[in-house]
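Okay, structure first, notes after.
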2 protein chains.
Amino acid sequence: MKEFQGVVGADWLFTADEDVDTYRDAYSPLWGEPNEYIPSAAVAPADVEQVQQLVRIANRYKLPLYPISTGKNLTYGSTAPTYSGSVVLDLKRMNRILNVDDKRNFAVVEPGVTYFDLYTYIQEKGLKVWIDCPDPGWGSPMGNALDHGVGYTASPFRDHFGSHCGMEVVTPTGEIMRTGMGALPNADSWQDYRYGVGPWVDGLFGQGNFGIVTKMGFWLLPQPEAMGTATVTVPRYADLDPLIDELNYLEDSMLITGMQEWGSPLGGGFGARSPELSALMAGGWPSDEQIEAYVRAHGGAAWQVRLHIYGPEPVIRASWEYAQQRIARAIPDAAFELEEVLKLPPTRGQIRSHERQPHDDHLGIPNMITFGMMARRPNDPDNPPQGHVDMFCIIPRTGQGVRQVNRILYDTERQLGMPSNASPFRGPTHWYHRCYLMGALGVPSYRDDTPDRSAKNRRSRQIYATALKNLAAAGFGLYRTNVAMHDLLVNQFSFGDHSLRRFQEAMKDAVDPNGIVAPGRYGLWPKRLRDQSRPNGPDAPAAAVRK
Amino acid sequence: MKEFQGVVGADWLFTADEDVDTYRDAYSPLWGEPNEYIPSAAVAPADVEQVQQLVRIANRYKLPLYPISTGKNLTYGSTAPTYSGSVVLDLKRMNRILNVDDKRNFAVVEPGVTYFDLYTYIQEKGLKVWIDCPDPGWGSPMGNALDHGVGYTASPFRDHFGSHCGMEVVTPTGEIMRTGMGALPNADSWQDYRYGVGPWVDGLFGQGNFGIVTKMGFWLLPQPEAMGTATVTVPRYADLDPLIDELNYLEDSMLITGMQEWGSPLGGGFGARSPELSALMAGGWPSDEQIEAYVRAHGGAAWQVRLHIYGPEPVIRASWEYAQQRIARAIPDAAFELEEVLKLPPTRGQIRSHERQPHDDHLGIPNMITFGMMARRPNDPDNPPQGHVDMFCIIPRTGQGVRQVNRILYDTERQLGMPSNASPFRGPTHWYHRCYLMGALGVPSYRDDTPDRSAKNRRSRQIYATALKNLAAAGFGLYRTNVAMHDLLVNQFSFGDHSLRRFQEAMKDAVDPNGIVAPGRYGLWPKRLRDQSRPNGPDAPAAAVRK
């Protein structure tokens, strides 16, 4: 710690309990348990050179470092390390926006830059590019991408890792490395071409612990002329399949690249089921015929999807016209509504003017709206008593995938003796293009003042782990998870007796011989911790070194 | 060899000179030289299990294997290994098309599948998807992608590695590994989501030697309704900058995703310069004012770009209308021509009906047309006496990049005392989206019966190496190169005293401890060969072990 302090100064090394406690995961499902994931200290370097110095010191003492950008990925662990006792390497001070180019349409940022920062910079300079934002507007574009985070504007920009181009990395042994064209001195194409020459290493830093990323480029969408918002409603439960097929065509052809917002007038979102729907489900999972009869008896509309189309207004209208033709040909009685064509950039009022929901996300405007949707105390909104642990699994873009996951959730609820909330009408989430995600049994996590907190959190973890395993057994894997579940999730990806993990482990040991960068992140442990301590789930014996 | 034969049978192990000679690079710039890159034998396994067995045997004897798919990447080395004496692992027999899905729009293939195979399969089954083809129609989609190859239809599909989703790999120690969702048993989303969980390793297998890829998925473009072909002509040399800016907008907005075909009515392609243009260049590189005056005196059109727009006809027309508005606003006197809107699928006749050039490439139809463009003997077209070594460097999408590279080529020609063929009017090539490539000083390579072959090839190598280094010094790197130039190219990517290569080397040694998979590919050598034998260029002392 003394050596760390020599690098960053006394102000930026945090060892006192009241400071270090702020680096706990405020919504950990292991809050207050002996095996909660907690750091021993935190250190905040000012620049890349300080990062290198800290890494060299950490190597001398075999001291694990857990790098974070802004640490705002609540539900996935936020600032908490995957190995208790690690020192959080807080990169918040490295917050320079290094370049935003609205001719070649890219940005280069440091880890501490937030979506709010980047948006404000672009607005103030009058640059004609959009960013793509996830739920946490206070989060870091870099941190989000490195966690395989997602957003809400046009594909492929919603895939934040997939939209990056070029990285600078401090390796686990303290060297500075640039990837892609960044490895060629004097190259001006670092954000234009990703691969450089030879093996492309960038993938290793997403959900990985192969180094500390200190700069990262992102491809941006040029500011569109307009955004069309339109809705398709289809009458039959079975219409899901052809509707998805047609939307796949439209998206993969890059005709409608906006996010599909799926829903059903019959309820299938995250709210509680209606009494009528609960009655349908009371006798076990209903047959397709029963479901179709229910749809006919309750308004005759099974599925609804809202589409966002970006471009000049005539292109939007021609694309929407074509979409209607295709879908009408595939699905008799499909209904269509063009809700609006919003000329861009919008006025402040227009962003919030849409009658059904605010538009911020779909316009690339960072916000914190989603952070208000979970349990809040009305009289103390800044201090929510509970959080939740998100659970989204990857499914193919097929009706079959949607039906299978809804059925697995129903069966899991029954297996666990839970009140059933599952529904045949829950639709997919369309963050990534080329696949859907299904929100599954995300669970609440409870903090300090909750009565029976420990038992409630244990129950949440049990539900989460059971659903995760049931989904995985059927071939549905979560795309990310809370630090408490990294091992459990990665254990499911077992093809070839875990050959992928062994391959990763061999490389990890080679580039990080002392195992100092984020040990345990996404189940990848350095050799010295691997055999003694791999936890098999959140309730396995604690592998953690307590503070 | 006896053990190899026990795995594949006598028919599929090749050790006789007349067989092994077919695995030389027929157009090697080192043809017949002592340091030509040549194999010692070849072996062709029937399936993944045989690949595993061969790898295990190779490990016992520390025998290098050089995997090829179809080996048709002429100009880049085709079947020749990067380390002489390696045994070519010829995967041509593994040629199953495992799946083509025209609802989710992907394909899964083995290494020996060719573009012709895949196209024929799709046509015969009446599937409504396109493939994206590079010049060699007899090449392998997998091999091409793993070499960072490129094609001609819509972006981002032209980026073949960037369009892949999911791999199966035999590791250098003989394990079978699947990446992304392929690591989750029972997952049906292997081709829908790339990253799986944890660090994403796929990038290591492109231009890499981290394993032997045995299956690979690719995202496909759904068959479009039509293709519009249109041309923009601009009057001034300086109009290049705003024209590129506008095209960047249109491409990055996904409004015009087809390949831009750049040219100039004033000559700047690969043919010889006109006498008038040579006169302009005779007194040294002309000033911008001289160039503009030359343009005015010779027809008043400096640049021309042909665009391809895919989609339903009304969307094509609306997009083209918008493109004209934008470009006309930015560039006074720009001229526009919509050449045709071709309804798809085309008839056989329509593919070749376009008056200026055949459409095969832009319609995703595999062909061998480009293979006819270089030096052929009219009376013996199947046995061309010479080939060439391609040279394309990455440039940013800016007029500045185009001008810089054209000037470097001019200076290099003078430096080498070559007849000057450089031109201010050479335009970029638009294979990758988000960057351009510039064809630079590709050189001829000479075969058996050429008089003074050895001296001519030496001169070609000198020209190539000089241009490569001059370009790299200014920040322009080749995106791939012939096996004879791998070390030379990678040596230029030296940021941080070659920190990227050291990082890759550490991982290579970890997963391939005996250094048996493609040693030397893209400058990445295993530990046992690294120190003794890194060649520093094609004319450095031969590192190779001669057969």
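The values are calculated or read from the model by the stated rules, or taken from the named source; none is laboratory data. Here the structure is a predicted model, which means the values were calculated and not measured. Neighbour counts run over all protein chains shown; Cβ positions are idealised from the backbone, glycine included. Side chains included, ligands, DNA and RNA excluded: accessible areas come from the protein's heavy atoms. Shrake-Rupley method; radii C 1.70, N 1.55, O 1.52, S 1.80 Å.
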Rg (one decimal) and Dmax (whole number) from the Cα set of region A:219-264, in Å, equal 12.9, 40
On the accessible surface of region A:15-83, probed at 1.4 Å with all protein chains in place, carbon and sulfur together account for a percent value of 47 percent
Buried accessible area between A and B, both sides, 1.4 Å probe, in Å² rounded to 100, is 8200 Å²
For A:Asp11, inter-copy label-point distances (7 Å, Cα→Cβ), nm, shortest first, read 7.7
Projecting the Cα atoms of A:Met391, A:Pro224, A:Met259 onto the charge dipole of the protein assembly as shown, where Lys and Arg contribute +1 and Asp and Glu -1 at Cβ, the residue farthest towards the positive end is A:Met391
Partner shielding of B:173-182, taken as the mean number of other chain Cβ atoms within 10 Å, equals 5
Short to long, in 10 Å steps from zero, the percent of alpha-carbon pairs of region B:446-521 per bin is 15, 36, 29, 16, 3
Taking only C-alpha positions in region B:87-211, Rg and Dmax in angstrom work out to 14.3, 41
Whole-Hz Karplus couplings 3J(HN,Hα) for region B:272-282, θ = phi - 60° and coefficients 6.51, -1.76, 1.60, Gly and Pro as x, run 6, 6, 6, x, 4, 5, 4, 5, 4, 8, 5
For chain B, one quarter of the surface area of the C-alpha convex hull, expressed in nm², comes to 25.9 nm²
Largest-first semi-axes in Å of the equivalent ellipsoid built from the Cα gyration tensor of region A:11-74 are 23, 13, 11
Straight-line reach check, B:Lys125, cutoff 13 Å on alpha carbons, 8 or more apart in-chain or any other chain, hits among aspartates and glutamates -> B:Asp101, B:Asp102, B:Asp117
Residue-normalised value, i.e. accessible area per residue, for region A:400-536 at 1.4 Å probe, in Å², stands at 32 Å²
Tilt, helix B:48-61 to longest principal axis of chain B (alpha-carbon atoms), in degrees rounded to tens, equals 70 degrees
For region B:114-227, the accessible surface attributable to carbon and sulfur atoms (probe 1.4 angstrom, ligands and nucleic acids excluded) amounts in percent to 50 percent
Expressed in angstrom and rounded, the centroid-to-centroid distance over alpha carbons for region B:167-191 and region B:403-454 is 41 Å
Compactness check, region B:386-433: C-alpha Rg relative to the 2.2 N^0.38 Å globular estimate gives 1.26
Any residue on another chain or 5+ positions along whose placed amide H is under 5 Å from the amide H of B:Met259 is listed here as B:His308
Under Stokes-Einstein, region A:39-122 at 4 °C and 1.567 mPa s, with its Kirkwood radius over C-alpha pairs, diffuses with a coefficient in µm²/s of 92 µm²/s
When the charge dipole of the protein assembly as shown is computed with +1 at the Cβ of Lys and Arg and -1 at the Cβ of Asp and Glu, the Cα pointing farthest to the positive end, of A:Phe4, A:Tyr432, A:Ile351, is that of A:Phe4
Kirkwood calc, region B:158-273, C-alpha pairs only, radius in angstrom 18.1 Å
Given all pairs of distinct Cα atoms, region B:259-334 yields a Kirkwood Rh in Å of 14.9 Å
Shape descriptor, region B:309-351: equivalent ellipsoid semi-axes (Cα gyration tensor, sqrt 5λ, whole Å, largest first) stand at 26, 12, 5
Interface residues of region A:207-224, defined as losing at least 50 Å² of accessible area versus the chain alone with a 1.4 Å probe, are A:Trp219, A:Pro222
Nearest 10, in degrees from 0 to 90: the angle of helix A:453-473 to the longest Cα principal axis of chain A is 70 degrees
Here the Cα Rg-to-2.2 N^0.38 Å ratio for region A:213-292 is 1.61
For peptide B:473-483, the mean count of other chain Cβ atoms within 10 Å per residue Cβ is 4
Mean projected area, convex hull of alpha-carbon positions in region B:1-157, reported to one decimal in nm², is 10.4 nm²
Sorted on mean Cβ neighbours within 10 Å (highest first), peptides B:326-334, A:389-397 come out as A:389-397, B:326-334
D (µm²/s, integer) via Stokes-Einstein for region A:380-487, Kirkwood Rh across alpha-carbon pairs, 37 °C, 0.692 mPa s: value 223 µm²/s
One would report the Cα pair-distance distribution of the protein assembly as shown, bin width 10 Å, in %, as 2, 10, 19, 24, 21, 14, 7, 2, 0, 0
Eigenvalues of the alpha-carbon gyration tensor of region B:412-461, times 5 and square-rooted, give semi-axes in Å, largest first, of 28, 16, 8
Rg/Rh of region A:193-329 (Cα atoms, Kirkwood Rh), to two decimals, equals 1.13
The helix B:495-511 Cα axis meets the longest alpha-carbon principal axis of chain B at an angle in degrees, between 0 and 90 and rounded to 10, of 40 degrees
Taking protein heavy atoms only, a 1.4 Å probe, and rounding to whole percent, the accessible area of region B:275-337 owed to carbon and sulfur comes out at 49 percent
Taking a probe of 1.4 Å and leaving out DNA, RNA and ligands, region A:81-156 shows per residue an accessible area in Å² of 28 Å²
Mean per-residue count of partner chain Cβ within 10 Å for A:504-510 equals 6
Cα convex hull volume per residue for region A:92-147, in Å³, equals 76 Å³
The distance between the Cα centres of region B:283-316 and region A:114-146, in whole Å, is 36 Å
By the mean-Cβ-within-10 Å protection proxy, highest first, A:122-130, A:420-428, B:494-502 rank as A:420-428, B:494-502, A:122-130
CD proxy, 222 nm, the protein assembly as shown: helix-only mean residue ellipticity via -39,500 (n - 2.57) per DSSP H run with n ≥ 4, per residue, nearest 500, stands at -9000 deg cm²/dmol
